[in-house]
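Below is one structure, written out as structure tokens, with a few remarks after it.
The values are calculated or read from the model by the stated rules, or taken from the named source; none is laboratory data. Since this is a predicted model, take the numbers as computed values, not measurements. Neighbour counts are summed over all protein chains in view; Cβ atoms, including those assigned to glycine, are modelled from backbone coordinates with ideal geometry. For accessibility, only protein heavy atoms count, side chains too; no ligands or nucleic acids. Shrake-Rupley method; radii C 1.70, N 1.55, O 1.52, S 1.80 Å.
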Amino acid sequence: MKKWIVLVAMVAVLAGCGSGGAKETSESEKNTESASTTEVSASKPETSSSEKKIEMKDVDFQVEGTNYKMKILDNWGVLEDEEFSFSADNENTIEKIMVSGMKRTDVDDFVALKSAMKEEMKFDDEVRIKEETIKEETYQSPYYAGECYSFIGTADGANAEFRFYFLETETEYVILNFMGRPSFFSKNDDLITEMVNSFVAR
């Protein structure tokens, strides 16, 4: 499963190869959490008519020197990971978010870059993608246009879902990558959408 995490960082390498050495910068000291939290309702439960309350919190970080903020689940801890601009996870499960990006000026063709990344995933020898689960959809947040690419993969007999939100901001191409159990996504789809929609430069 760890190899899939490394695959996201590949986007920075691809950008460097195509643009004369662009590098993704990561400043762990910027990965600070805001003290404020908000409460939101979970998406429709499958087995209960009552709504489970899940807390969210604000986080601030940088992507290629630009300040961004977004909301993540309150029970996710911020990680110090040099491979990404920002990452956080639930240490008790496999649910995780990883954020990476590159300056728009460092990429000649973002469409080609996304295609290369998607093709590379298909040839991984540790995780087998269930081709019938692949989805590619345009995505529009309140702030940015982009694309959502998702699939379910199998490793060691276990399933995991991966969602890549490719967003075009004013100054960067940013990838928000969520991974977790398929049941987590099906039960919390509204929360995932809220997290993605809260991502904005500040």
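Per residue of the stretch 123-135, what does 6.51 cos²θ - 1.76 cosθ + 1.60 with θ = phi - 60° give for ³J(HN,Hα)? Whole Hz please, x for Gly and Pro, Karplus curve as stated.
The phi angles translate into 9, 5, 8, 9, 10, 9, 6, 7, 4, 5, 9, 5, 10 Hz.
Summarise the long-distance tail of P(r) for the stretch 110-153 by giving the % of C-alpha pairs beyond 12 Å. Could you put the intermediate results ahead of the total?
On the way: 632 of 946 pairs.
When every Cα pair of the stretch 110-153 is considered, 67 percent fall beyond 12 Å.
If I model a spin label at residue 134 and residue 112 as a point 7 Å from the Cα along the Cα→Cβ vector, what separation in nanometres do I get?
In this crude spin-label approximation the distance works out to 2.0 nm.
Working with all protein chains in place, sort 94, 175, 54 by solvent-accessible area computed with a 1.4 Å probe, largest first. Numbers along the way, then the final one.
Working: 94 70, 175 0, 54 30 Å².
Result of the area sort, largest leading: 94, 54, 175.
At 1.4 Å probe size, put 66, 105, 169 in order of accessible surface, largest to smallest.
Details: 66 30, 105 125, 169 5 Å².
Sorted descending by solvent-accessible area, the residues read 105, 66, 169.
In this model, which of 135/187; 103/187; 96/122; 69/96 are farther than 26 Å apart at the alpha-carbon? Write out the running numbers ahead of the final one.
Numbers: 135/187 18 Å; 103/187 34 Å; 96/122 21 Å; 69/96 17 Å.
Pairs exceeding 26 Å: 103/187.
Find, to one decimal place in angstroms, the Kirkwood hydrodynamic radius of the stretch 52-165, where the mean of 1/r is taken over every pair of different Cα atoms and then inverted. Working shown, then result.
Values: mean 1/r = 0.0616 Å⁻¹.
The Cα-based Kirkwood calculation yields 16.2 Å.
Show me the chymotrypsin sites (Phe, Trp or Tyr not before Pro) within the stretch 113-190 that DSSP assigns to loop and that have at most 10 other Cβ atoms within 10 Å of their Cβ.
Working: sites: 123, 139, 143, 144, 149, 151, 162, 164, 165, 166, 173, 178, 184, 185; in loops: 123, 143, 144.
Qualifying residues, ordered by number: 123.
Accessible area of residue 104, 1.4 Å probe, to the nearest 10 Å²?
80
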